[in-house]
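What follows is one structure encoded as C-alpha cells, with my remarks underneath.
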Amino acid sequence: MKPFLVGVDEVGRGCIFGPVVAAAVILGKYQNFELKDSKKLSEKKRLMLNMDIQKNASEVSIGEASAEEIDSLNIKEASLLAMERAILGLNEQNLEVIVDGVDLPKVIFPSQAIIKADEKIPEVMAASIVAKVYRDNLMIDFSSKFPDFFLEKNKGYPTKKHLNILKSLGPTKYHRMSFKPVLNVR
C-alpha cells in the first residue's frame, strides 16, 4: 500500500517566550486550493483554514518542546523534537514525511527535508497553518496569566515592547533563558 504523505512544519523558533510547536498533517483526500504558507495569510484566513483542515484532513497532530527543553537542547534540536512528537502522535504508521527546512527529525519513516516546502507542498502548508494557529492560541492563553507581557499581541516574539517589559519585570519561567534578549536582563 502506498504510504500516506505527512507534511511537517514548526513555528516559534524566533520567539523568546513559550514552546516551539510543530504540526504533522495528513491531508488524505482533502484538498483546498487556498492553502499557503501561514506567514502569507491573514489571521482571519489562517483561522478559517485551520478549522477546515482540522475538520477535513485525514489526520492532524501537534508536538511541542518547552522553553526548558529549548534551553537544555538548543532551538534546532528542540524544533526537531517537537516535529518528532508531532509525527509520532499520528495514528497512521505507513508514512512518508516531508519537513519544511533542511534538518530531519529522528523518525523511522522515509523522510525528506525540503527548503520552502511550506510554499510548495499542500501537506506542509497545512502543517504550517495548524502549528501557527495552535501556538498563537497558546500565547493568547498565556496572556491571561502574564497580562503585562502582551503575549496576545507579540505572540512571544522579542518586540520592542516585550523587551522593555522583560527589562522592567524580569523573565517568567516560560521565557527562553538561553536566548540573548532574556540572558541580557538576568
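The values are calculated or read from the model by the stated rules, or taken from the named source; none is laboratory data. Everything quoted here is computed from the prediction, not taken from an experiment. Counting neighbours? That spans all protein chains shown, and the Cβs are built from the backbone with ideal geometry, glycine included. With ligands, DNA and RNA removed, areas are computed over all heavy atoms of the protein, side chains included. Shrake-Rupley method; radii C 1.70, N 1.55, O 1.52, S 1.80 Å.
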Cα centre as origin, Lys/Arg/Asp/Glu Cβ charges: the chain dipole, Debye: 740 debye
By average C-beta atoms within 10 angstrom, highest first, the peptides 66-72, 22-28, 9-15, 168-174: 22-28, 9-15, 66-72, 168-174
Kirkwood Rh in Å, taken over segment 74-139 so that all alpha-carbon pairs contribute: 12.5 Å
Segment 1-100 - percent of accessible surface contributed by carbon and sulfur, probe 1.4 Å: 51 percent
Check: segment 77-186 dipole with +1 on Lys, Arg Cβ and -1 on Asp, Glu Cβ, in debye: 840 debye
Per residue accessible area of the chain, 1.4 Å probe, in Å²: 51 Å²
Between helix 43-56 and the chain: long-axis angle, C-alpha atoms, 0 to 90°, nearest 10: 40 degrees
Taking all pairs of distinct alpha-carbon atoms in the chain, Kirkwood radius in angstrom: 16.7 Å
Positive-end residue of LEU88, ILE16, LEU166, charge dipole of the chain with Cβ unit charges: LEU166
Cα gyration tensor category, rounded, prolate or oblate, for segment 78-186 with a/c compared to 1.5: prolate
Efficiency of FRET between VAL185 and ILE108 - r from beta-carbon atoms, R0 45 angstrom, step 0.05: 0.60
Full-extension gain in nm, MET51 to ASN91, via 0.36 nm per residue minus C-alpha separation: 12.4 nm
Segment 118-186, accessible surface, carbon-and-sulfur percent (1.4 angstrom probe): 56 percent
Helix axis angle, 75-88 relative to the chain longest principal axis, alpha carbon, degrees: 40 degrees
Within segment 119-166: Cβ-based charge dipole about Cα centre, in debye rounded to nearest 20 (Lys, Arg +1; Asp, Glu -1): 180 debye
